[in-house]
Amino acid sequence: MERNIRLNWPDFVEEAVKRRKLQGLTQEQLAILSGVSKPTLNSFEQGKTTVSLENALKILRTLGLE
């Protein structure tokens, strides 16, 4: 049985930014910890959908949002 799962992307992004700030991390620090470039992290935090799923998951995992 196939199911369609809808994600609320803006909510994920908002929670990720909130967690980054609560952890006292700059964008540059989070990018390094996540293994992505700073421009990629910036695009993610702006909610752009051009960020690959792989990179988005790296960021979310680093913040404990798996």
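The values are calculated or read from the model by the stated rules, or taken from the named source; none is laboratory data. Since we're looking at a predicted model, the values are computed, not measured. Note: ideal-geometry Cβ built from the backbone for every residue, glycine included; neighbour counts use all protein chains shown. Ligands, DNA and RNA are excluded from the accessible area calculation, which covers all protein heavy atoms including side chains. Shrake-Rupley method; radii C 1.70, N 1.55, O 1.52, S 1.80 Å.
Solvent-accessible surface of the chain, averaged per residue with a 1.4 angstrom probe and all protein chains in place: 74 square angstrom. Element breakdown for the chain at a 1.4 angstrom probe: carbon and sulfur atoms account for 50% of the accessible area. With a Förster radius of 25 Å applied to the beta-carbon distance between R6 and L57, the computed FRET efficiency rounds to 0.90.
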